[in-house]
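Report on the following structure.
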Amino acid sequence: MAPILVMRDIVKEFGSFRANDGVNLEVETGEVHALLGENGAGKSTLMNILYGLYQANSGEIYFEGRPVKITSPKEAIDLGIGMVHQHFMLIPALTVAENIILGMQMPRGIIDLKEASRKIKELSRQYGFDIDPEAKVWQLSVGQQQRVEIVKALYRGARLLILDEPTAVLTPQEVNELFRVLKQLTQEGITVIFITHKLNEVMAICQRVTVLRAGKVVGTVATCNTGKNELARMMVGREVFFQ
Ligand code: ADP
Ligand code: MG
């Protein structure tokens, strides 16, 4: 199958510092693809470029086979790309439904909250979430807020979902629940890019992994035929052994 996403030779500089130094990434449709690397490796930068938050200095992006220029999150969303950031971007004083439809263009300026609530409830049921569309976001736990962010992306029609270190804020039980949801999403043909620095997570749910180190890709491998030690070596650039 053709890759859903190709990023080619991406360079991103902050001043004279290169956060992404000629990065190549290919993601297949319907896989959970890990972006693995230590803190500062350039993972979030690369995905912020894909989501239109940062502009690359150079490089090309192909989405579903077509070359694309993504200059804002709105353009990314319109293409079918969703992103759940490490720090959520919800407005606490607004309800779940208000947050989800916020900034979406409605025909003739009409915002149909009732219809939005109905669709949010339906998506929640589909993925086993307990989301009340009328609840204020400040009332929700961090795990619930993450689920709202996921529903928000799906509501907007994401076919590629980027999750930036999603487990950092979750309890172990919530992590299991998230992994179940990710499996369901891929069974439905939705592609997931899973940013992490945790090897166990990569081994648990990702089919393939691209390892970033100091702004460069070390390699892309299948998790089924790569051991944890090998991945760790790729990530940190020296031998690491687990007991
Ligand atoms: P990761 O997500 O892998 O931890 P990041 O992509 O966030 O890494 O950051 C890669 C490098 O780029 C880091 O050294 C970080 O300090 C730097 N960086 C990221 N965003 C900015 C920014 N907006 N301005 C300046 N430097 C940045
Ligand atoms: Mg990051």
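Tabulated results
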{"item": "Residue in the stretch 200-209 that is over 23 Å from ARG147 (Cα atoms), out of contact with any Asp or Glu (no Cβ under 7 Å at 6 or more places or on another chain), modelled with pLDDT of 90 or more and among the charged types (D, E, K, R) present", "result": "no"}
{"item": "Top-ranked residue of the stretch 202-219 - restricted to ones that are more than 17 Å from the chain's Cα centre (by Cα) and crowded, with 16+ Cβ neighbours inside 10 Å, ranked as farthest from LYS43 (Cα to Cα)", "result": "MET203"}
{"item": "Selection status of VAL181, more than 22 Å from ALA19 (Cα to Cα), out of contact with any Asp or Glu (no Cβ under 9 Å at 6 or more places or on another chain) and within 14 Å of ligand 2 (Cβ to nearest atom)", "result": "no"}
{"item": "Verdict on THR45 being closer than 21 Å to LEU163 by Cβ, β-branched (Val, Ile, Thr) and within 16 Å of ligand 1 (Cβ to nearest atom)", "result": "yes"}
{"item": "Condition check for ASN20: within 16 Å of ligand 1 (Cβ to nearest atom) and touching a strand residue (DSSP E or B) at 6+ places or on another chain (Cβ under 6 Å)", "result": "yes"}
{"item": "Test set (1) polar (S, T, N, Q); (2) within 14 Å of the chain's Cα centre (by Cα); (3) in a loop (DSSP other than H, G, I, E, B) - THR45 fails condition number", "result": "(3)"}
{"item": "Inter-residue pairs, beta-carbon under 7 Å, first without any contact (Cβ under 8 Å) to a residue 24 or more places away in the chain and in the stretch 12-24, second assigned to a strand (DSSP E or B) and surrounded by 22 or more Cβ atoms within 10 Å (Cβ to Cβ), 6+ apart", "result": "none"}
{"item": "Positions within the stretch 156-182 being among the aliphatic types (A, V, I, L, M) and in a helix (DSSP H, G or I), in sequence order", "result": "ALA168, VAL169, VAL175, LEU178, VAL181, LEU182"}
{"item": "Selected residue (only one of GLU28, GLU98, GLU75, GLU64 is among the charged types (D, E, K, R), more than 16 Å from ligand 2 (Cβ to nearest atom), within 19 Å of GLN146 (Cβ to Cβ) and in contact (Cβ under 8 Å) with a residue 12 or more places away in the chain)", "result": "GLU98"}
{"item": "Residue among ILE10, ILE61 that alone is within 12 Å of ligand 1 (Cβ to nearest atom) and either more than 15 Å from the chain's Cα centre (by Cα) or assigned to a strand (DSSP E or B) (or both)", "result": "ILE10"}
{"item": "Subset of the stretch 156-182 [over 15 Å from the mean Cα position of the chain (by Cα) and not hydrophobic (A, V, I, L, M, F, W, C)]", "result": "THR171, PRO172, GLN173, GLU174, ASN176, GLU177, ARG180"}
{"item": "Qualifying residues in the stretch 181-201 (those that are of a type outside the set (Val, Ile, Thr) and within 16 Å of ligand 1 (Cβ to nearest atom)) - the one farthest from VAL84 (Cα to Cα)", "result": "LEU199"}
{"item": "Conditions (1) in a strand (DSSP E or B); (2) touching a Leu at 6+ places or on another chain (Cβ under 8 Å); (3) not β-branched (Val, Ile, Thr); number of the one not met by LEU185", "result": "(1)"}
{"item": "Complete set of residues in the stretch 134-153 that are outside any helix (DSSP H, G or I) and surrounded by fewer than 14 Cβ atoms within 10 Å (Cβ to Cβ)", "result": "GLU134, SER141"}
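The values are calculated or read from the model by the stated rules, or taken from the named source; none is laboratory data. Values in this document were obtained by computation on a predicted structure and should not be read as measured data. As a convention, Cβ positions derive from the backbone with ideal geometry for all residues, glycine included, and neighbour counts pool all protein chains shown.
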